[in-house]
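Have a look at the structure below before the remarks.
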Amino acid sequence: MTPMALPSVADVVLIGGGHTHALVLKMWGMKPLPGARLTLINPAPTAPYTGMLPGHVAGHYPREALDIDLVRLARFAGARLILGSASAIDREARTITVGDRRIAYDLASIDIGITSDLPDLAGFSPHGIAAKPLGPYATRWAAYLGGDGPAAVAVIGAGVGGTELAMAMAHALHARGRAATVTLIDRGSALPGTVPAAARRLRRNLANLGIQLLENAQVSEIIPTAVRLADGREIPSTFTVTAAGARPHLWLATTGLDLTDGFITVDRYLRSSDPLIYACGDTAHLAHAPRPKAGVYAVRAAPILFANLRAALSGSPRKPFDPQGDYLKLISLGGQSAVGERNGLTLEGPWVWRLKDRIDRRFMDRLADLKPMAPPPLPAEVARGVRDARGDKPLCGGCGSKVGPAALTRALATLPASTRKDILTRPGDDAAILRMGRTTQVLTTDHLRAFTLDPWAMGRITAIHALGDIWAMGAAPQAALAQIILPPVSDPLQARTVTELLDAAAEIFTAEGAEIVGGHTTTGAELTLGFTVTGLADRPVTLSGARPGDALILTKPIGSGTLLAAEMRLAARGPDVAACLAEMARPQGTAARLLREAHAMTDVTGFGLAGHLLNILEASGTGATLDLAAIPLHHGALDLAAQGIRSTIWEANRAAAAPRVFHEDSPLTALLFDPQTAGGLLAAVAPDHANPILEAFGTAGYRAARIGTVTDGPPLIATR
Ligand SMILES: Cc1cc2nc3c(=O)[nH]c(=O)nc-3n(C[C@H](O)[C@H](O)[C@H](O)COP(=O)(O)OP(=O)(O)OC[C@H]3O[C@@H](n4cnc5c(N)ncnc54)[C@H](O)[C@@H]3O)c2cc1C
């Protein structure tokens, strides 16, 4: 047995994609612990590296430069990523609340940083913006910087972070040639904890940039045009940032864990008062060696947390965390110059900035330098053809692993012709239409090889995928049977996985008025999920019926096969993958109802847009013209197609469809053969219905588009 085939027996959940956890993911990917399943919970697909935030605000780095891509890291580590914020921990039930989900854990670690918002300050919510979390601040700053006219900025909190940000914003405004006032406000003295020599240098640089420093000034309110002080003064500001200290996340108080000033108290092994919960980074208080909140400690804690999580799971020896006393502080000065300070010694100049830049980039490179897992080596002697049949790329999940259309058509052709009068369709249609007395039932089945490590996302998207044929036939979903193949896991993990799969799927079926009535589960090499679904329809919409002149409407973007293939190879951008999965997870009941008058309809799945459109054209005896520029695409898919990334089934799709599609080879036309999982509905509708339907789609939030026209002639596709 290889380690891959060992059963999983424990769920390790990392809450927060902070610096420690990001590094632990990297280490885990390089040295996984067989038997442990890893989960990361983070609100966004990326986590910002704050060390480069001032440089970004000043205009030296693009936003992507400071984004740690958690989707890539999670895939590298073999971890599932749940996008959401943890809001509670039930330590008795051993579950973590994320939205309306409960994530079970056997061992957990918390690395969620701090927040610098000031919710109790009057006017903060409508008119202030916290420096942390970074995402909303960076977005609003980019919009503010791009505006016209004189700027007025205030930063509340003159610690090192606030001082750096004030200088960065002043530099960026000057560089754009905007007249600006920048004020740095603190209720006490500026730059506490900084040695006098460094403070002197920083004050001089503040003055050089024209930044007004207000010390011992108590802020009483933020208004749209100013910061109001307790003594009645109003400091002009139309962009007010708060960087006033580190506030712990309030929900931690509900966990029952021992806290120090709201931060989780941990021992020298980074263990909280509950031995099953660890904590690290800014959110933790090191009881044995208290330290200021600084990224350097979060980074240094990573190998210790990695070792101690493994120790808790395997019994290997634990390691104590002995954080260094002082560390090299590098504080950027707006332009490409910085002040450095360690052990009382201070340095200043462009070379200090270059040193900081090098250290920061090295950190980011470490987290971005991820190589996909190489396929296991072939035995020395194998049958001829094995190498070609296996290929050099990993087998895709979802529809990317489907059997190609040519092989399927050949196999279906050998089936005996139907002799039953109550079966109204031939094999190969989207779904069977069965006549039962005066009722028409449609019947379909679909199953998918796992394309995500999150059973909940898998359950939801597979249910939507399986319902696609029912929706495409204009039927009302009725009942579903589940087929589940689980990879080897212990009994408790089996129960967790099946519960997540079915809960997510049931939510989709129930919302459509259908019920899961049973199914079948078995254990196999890897997770596979499928549903057999029935629906009821008075007048099913079929593939035939498209008429020349009809408008072709597609209800979802294409390119998901390319994105999923790239994600497995660590080649896709995390935010693109997250957006694609969110689109795949969008049900299509509303879309199907908007298209109920369609002349012909199908769902775009494994054979790609071209393959499924050709099915309509063959059944209807028509041709079509596709307007390539109008086809909606998943973000990032075109770039990946241009890099030559293709799904496993792509070549078979292209071979089957390309001879009937007049096109020039390009990244865009490559996507016509891209397999879609839970793809959109493709409908031929009367031309005068197209615009009102598209308006309704816009209102309902779909990225639907009119992508072409049905034409007279043989079943061929022209492109323009
Ligand atoms: C302007 C500025 C400049 C700085 N410069 C430096 C520097 O140069 N050097 C240095 O050492 N330190 C610096 N710091 C401090 C440094 O940013 C922090 O110490 C460091 O980011 C802490 O890392 P962390 O791992 O604790 O968490 P963070 O990096 O804050 O990451 C926390 C993660 O958890 C996620 N999260 C939050 N809540 C939840 C939840 N409920 N559920 C799930 N996930 C959640 C967040 O979205 C985030 O991805 C700076 C701070 C600021 C404000």
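Translational diffusion of segment 205-262 was estimated from the Stokes-Einstein equation, with Rh taken as the Kirkwood radius over Cα pairs; at 10 °C and 1.306 mPa s the coefficient is 110 µm²/s. Cross-link check: pairs Lys371/Lys393; Lys293/Lys319; Lys132/Lys371; Lys421/Lys556; Lys31/Lys293; Lys132/Lys356 evaluated at a Cα-Cα cut-off of 24 Å; pairs beyond the cut-off: Lys132/Lys371; Lys421/Lys556; Lys31/Lys293. The HN-Hα couplings worked out from phi for segment 260-265 by the Karplus form 6.51 cos²θ - 1.76 cosθ + 1.60 (θ = phi - 60°) are 10, 6, x, 9, 6, 6 Hz, whole numbers, x standing for Gly and Pro. Quick one: grab the alpha carbon gyration tensor of segment 574-619, order the square roots of its eigenvalues as a ≥ b ≥ c, and give me rounded if a/c is under 1.5, else prolate or oblate depending on whether a/b is larger than b/c. Taking the square roots of the gyration eigenvalues as a ≥ b ≥ c, segment 574-619 is oblate.
The fraction of accessible area contributed by carbon and sulfur in the chain is 55 percent, rounded to a whole number (1.4 Å probe; ligands and nucleic acids excluded).
Projecting the Cα atoms of Gln218, Thr346, Met584 onto the charge dipole of the chain (Cβ charges, centred on the Cα centre) puts Thr346 farthest toward the positive pole. About the centre of its Cα atoms, the chain shows a dipole size close to 1420 debye [charges on the beta carbon of Lys, Arg (+1) and Asp, Glu (-1) only; nearest 20 debye]. Here the dipole of segment 338-408 is about 160 debye; that uses its Cα centre as origin and unit charges on the Cβ of Lys and Arg (positive) and Asp and Glu (negative).
For segment 170-312, the residue among Thr265, Ala190, Ala170 whose Cα projects farthest onto the positive side of the dipole built from Cβ charges is Ala170.
What the phi angles of segment 565-578 give under the Karplus curve with 6.51, -1.76 and 1.60, with θ = phi - 60°, is a coupling list of 5, 5, 4, 4, 8, 6, 9, 9, 7, x, x, 5, 5, 4 Hz, glycine and proline written as x. Taking Lys and Arg as +1 and Asp and Glu as -1, the other residues whose beta-carbon sits under 10 Å from that of Gly161 total +1.
Probing with 1.4 Å while keeping every protein chain in the model, the per residue accessible area of segment 20-136 equals 35 Å². If you take all other residues with their beta carbon under 13 Å from the beta carbon of Arg703, and give Lys and Arg +1 and Asp and Glu -1, the sum is +2. Other residues lying with their Cβ under 14 Å from the Cβ of Asp322 contribute a combined charge of +3, Lys and Arg counting +1, Asp and Glu -1. Would you mind classifying the chain by shape? Square roots of the alpha carbon gyration tensor eigenvalues, ordered a ≥ b ≥ c; an a/c under 1.5 is rounded, otherwise it is prolate if a/b is larger than b/c and oblate if not. It comes out prolate by the Cα gyration axes. Rounded, prolate or oblate, given the Cα gyration tensor of segment 505-578, with a/c below 1.5 counting as rounded? Oblate shape, in that a/c is at least 1.5 and b/c is the bigger or equal ratio. Projected over all directions and averaged, the alpha-carbon convex hull of segment 335-414 occupies 12.3 nm².
When the Cα positions of Ala131, Phe363, Leu395 are compared along the charge dipole of the chain, Phe363 comes out farthest toward the positive end, with charges on each C-beta of Lys, Arg, Asp and Glu.
Site-free segments of the chain were taken between GluC sites (Glu not before Pro) in DSSP loops having at most 14 other Cβ atoms within 10 Å, sites themselves excluded; the longest one is 216-380. Would you kindly state how much longer the chain becomes between Ala407 and Arg593 on full extension, computed as 0.36 nm times their sequence separation minus their alpha carbon distance, in nm to one decimal? Computed gain between Ala407 and Arg593 is 63.6 nm. Remark: segment 312-399 carries 64 Å² of accessible area per residue (probe radius 1.4 Å; ligands, DNA and RNA excluded).
The values are calculated or read from the model by the stated rules, or taken from the named source; none is laboratory data. Quick caveat: nothing in here was measured; it's all calculated off a predicted structure. Note: ideal-geometry Cβ built from the backbone for every residue, glycine included; neighbour counts use all protein chains shown. For the accessible areas, the whole protein counts, side chains as well, though only heavy atoms, and no ligand, DNA or RNA atoms are used. Shrake-Rupley method; radii C 1.70, N 1.55, O 1.52, S 1.80 Å.
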